[in-house]
Amino acid sequence: MQIINKDLIRILAMDEIAGWHSDRMFTHEQSEDALHFHKSLPMYQETELKSLTAAAHSYGVRKILVKDESTRFGLKAFKGLGGSYAVFRLLCQRFKMNEDTAVFEDFQKKEIREKCKEIEFVTATDGNHGKGVAWASSIFGCKSHVFMPKGTVEARRKAIEDAGADTAVITDLNYDQVVDYAGKLAQEKGWILVQDTSWEGYEEVPCRIIEGYLTMAAETENQMKGYRPTHIFLQAGVGSMAGGIAAYYLNRYQEDPPRITIVEPETVACVYLSAEMADGKPHTVEGDPVTIMAGLNCGTPCSVIWPVLRDGVSFYTACADIITQKGMRAYANPLAGDPRIISGESGAVTYGLLLEILKDNELKSLWKMDDKSVILLINTEGATDPEGYDRIVKNE
Ligand SMILES: Cc1ncc(COP(=O)(O)O)c(C=O)c1O
């Protein structure tokens, strides 16, 4: 492995990757199942795959494509995909419904709605996941309790309450501690834990959540019409989303897989740290790290997805907050002819990083980018903290 330190970015470039694929986990078929369920929701709408054609042209690459999740379910982030799919599968199991054929409409029957009222879900979140779980619980008529780490901005708490949570509380714990706390409450009170990260003995729900995220990949596949990505940039908190999307593409294009880049905040780069330690195991960033990328402020990689992150990734990167600010502004002020994209702090870091790479010939050749490159990014959130968004985007 090669370590490159730039002013605002640390890069771990793998000379060789072990490679990852599976016939069972995070497959195309599973993405179709998740899409089938999401399409059954009355508020479902495919999110756009936006092409930054002028930017691609000016930097000499074939395409820069952005899956824009800022409009997903009116929640301004992709996370509701995972929460809703996990809640759906858990309820199917509870009511002995066929998980393969059930759809949202089956939950509208009076006797099922009555039973749903008695079910209470609980989760820990740094914002978007909790909003997704609160929203998913409320559309099924269940209760939800959502706990957040210290430092969470009030706007995020309020958005969770508005999405339907019965409890939405900012604790004085850090993210890893608040995850433990939610787990303990689930045991004490008989609530069902819907957590977007895993540990020994708690793997099934996080796998369902990750499968829910695959709806983004299934939609993107249909939208790309004959193109396939050569490079994919994925931002990571616990790495569930990044690992799930990476796994999908590694499974789908086993012969010639795209180059995957993981992007994290420099203060809390737990996937980067784990790759750098190179002992095959996930490692934790301790303490109370600070970053404006709230959704990525997670100290420990998700264990079920860790093998994908360890074996299927070409580049691990740790970025200063300035990189995501640059990405937010570039999305908001595109080159003439390109669409404007509203992207929040955790959504824009991949674009900020990509621009740094494209402006630096040494990095561009390290990433093997040229006029054949088709680069896929996911704008994972819109302006989820509207004040923060305005401060950053209007401040130039
Ligand atoms: C907007 C946004 N992007 C990316 C992520 C990262 O997802 P994960 O924690 O699965 O790595 C999150 C997590 O909350 C998020 O809210």
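Nothing in this text is a laboratory measurement; each read-out follows from the coordinates by a stated rule. All of these numbers come straight from a predicted model, not from anything done at the bench. Cβ placement follows ideal geometry from the backbone for every residue including glycine, while neighbour counts extend to all protein chains displayed.
Starting from the 7 Å offset along Cα-to-Cβ, what nm value, one decimal, do you get for the label separation of ASP360 and ARG228?
3.0
What is the distance, in nm, between label points placed 7 Å from the Cα along the Cα-to-Cβ direction at ASP166 and at GLU99?
The modelled label-to-label distance comes out at 2.5 nm.
Run the dipole for the range 239-396 about the Cα centre, Lys and Arg Cβ at +1, Asp and Glu Cβ at -1, nothing else charged, and hand back the magnitude in debye, nearest 20.
360
Percent of alpha carbon pairs in the range 80-195 separated by more than 16 Å?
Percent of Cα pairs beyond 16 Å in the range 80-195: 56.
Amide H neighbours of SER346 under 5 Å, at least 5 residues apart or on other chains, H built in the peptide plane: list them.
When sequence neighbours closer than 5 places are left aside, the close amide H contacts are ALA294, GLY295.
So how far, in whole Å, is the C-alpha centre of the range 239-301 from the one of the range 325-388?
18
Using each residue's phi in the range 208-215, evaluate 6.51 cos²θ - 1.76 cosθ + 1.60 at θ = phi - 60° and report the 3J(HN,Hα) Karplus result to the nearest Hz, with x for Gly and Pro.
Karplus-based 3J(HN,Hα) across the range 208-215 equals 5, 4, 5, 4, x, 5, 5, 3 Hz.
Run the quick spin-label model on GLU203 and LEU8: label points 7 Å from Cα toward the beta carbon, then report their separation in nm to one decimal.
Between GLU203 and LEU8, the simple spin-label model gives 4.0 nm.
Could you tell me the relative contact order of the range 80-195? Use alpha-carbon pairs under 8 Å, at least six residues apart, and round to a whole percent.
The normalised contact order for the range 80-195 reaches 28 percent.
Just from its helices, what would the mean residue ellipticity at 222 nm be for the chain, if runs of 4 or more DSSP H residues each count -39500 (n - 2.57) and the sum is divided by every residue, rounded to the nearest 500 deg cm²/dmol?
Roughly -12000 deg cm²/dmol at 222 nm, from the helical runs in the chain.
Over 20 Å intervals from 0, what percent of Cα-Cα pairs in the chain sits in each interval?
The calculated distribution, bin by bin, is 30, 60, 10, 0.
What residues qualify as long-range amide H neighbours of ARG259, i.e. H under 5 Å apart, gap of 5 or more or another chain, H built at 1.01 Å from N?
So ARG259 has HN proximity to HIS231, ILE232.
When the chain is treated as a GNM, springs tying every alpha-carbon pair under 10 Å, which of ALA336, ALA56, ALA269 comes out with the largest mean-square fluctuation?
Checking each option, the largest mean-square fluctuation is seen for ALA336.
Would you list LYS79, LYS63 from fewest to most Cβ contacts within 10 Å?
In increasing order of surrounding Cβ atoms, one gets LYS63, LYS79.
Quick check for the range 80-195: number of Lys pairs with alpha-carbon distance under 15 Å, counting only pairs 8 or more apart or on different chains?
Close lysine pairs found across the range 80-195: 9.
I'd like the antiparallel share, as a percent to the nearest 5, of DSSP beta bridges with both residues in the chain.
30
In whole Hz, what ³J(HN,Hα) sequence does the range 178-191 give by Karplus (6.51, -1.76, 1.60; θ = phi - 60°), x for Gly and Pro?
The phi angles translate into 6, 5, 4, 4, 4, x, 5, 4, 4, 5, 5, 9, x, 7 Hz.
Excluding ILE11 itself, calculate the net charge of residues whose Cβ lies under 15 Å from the Cβ of ILE11, where each Lys or Arg counts +1 and each Asp or Glu counts -1.
-2
For the range 221-320, what value does the Rg/Rh ratio take when both radii are computed over Cα atoms and Rh is the Kirkwood radius, given to two decimals?
Over the Cα atoms of the range 221-320, Rg/Rh equals 0.99.
Under the rule of at least 5 residues apart or a separate chain, name every residue whose amide H is placed under 5 Å from the amide H of LEU193.
When sequence neighbours closer than 5 places are left aside, the close amide H contacts are VAL122.
Cut-off is 10 Å between beta-carbons; in what order do ARG157, ARG252 appear when sorted fewest neighbours first?
Result, fewest neighbours first: ARG252, ARG157.
Where in the range 199-242 does the label zone of THR53 land, with the point 7 angstrom along Cα→C-beta and an amide N cut-off under 12 Å?
No residue passes the distance filter.
Treat every Asp and Glu Cβ in the chain as -1 and every Lys and Arg Cβ as +1, leave all other atoms uncharged, and give the resulting dipole magnitude about the Cα centre to the nearest 20 debye.
800
Whole-Hz Karplus ³J(HN,Hα) for the range 161-168, in order, using 6.51 cos²θ - 1.76 cosθ + 1.60 and θ = phi - 60°, x for Gly and Pro?
Per residue, the Karplus-derived 3J(HN,Hα) values read 4, 5, 6, x, 5, 7, 10, 9 Hz.
Taking 0.36 nm per intervening residue step and subtracting the Cα-Cα distance, what contour gain separates MET43 from ARG24 on full extension?
Stretched out fully, the MET43 to ARG24 stretch lengthens by 3.9 nm.
Based only on other Cβ atoms within 10 Å, what is the fewest-to-most ordering of GLU211, GLU154, GLU46?
Going from sparsest to densest Cβ surroundings: GLU154, GLU46, GLU211.
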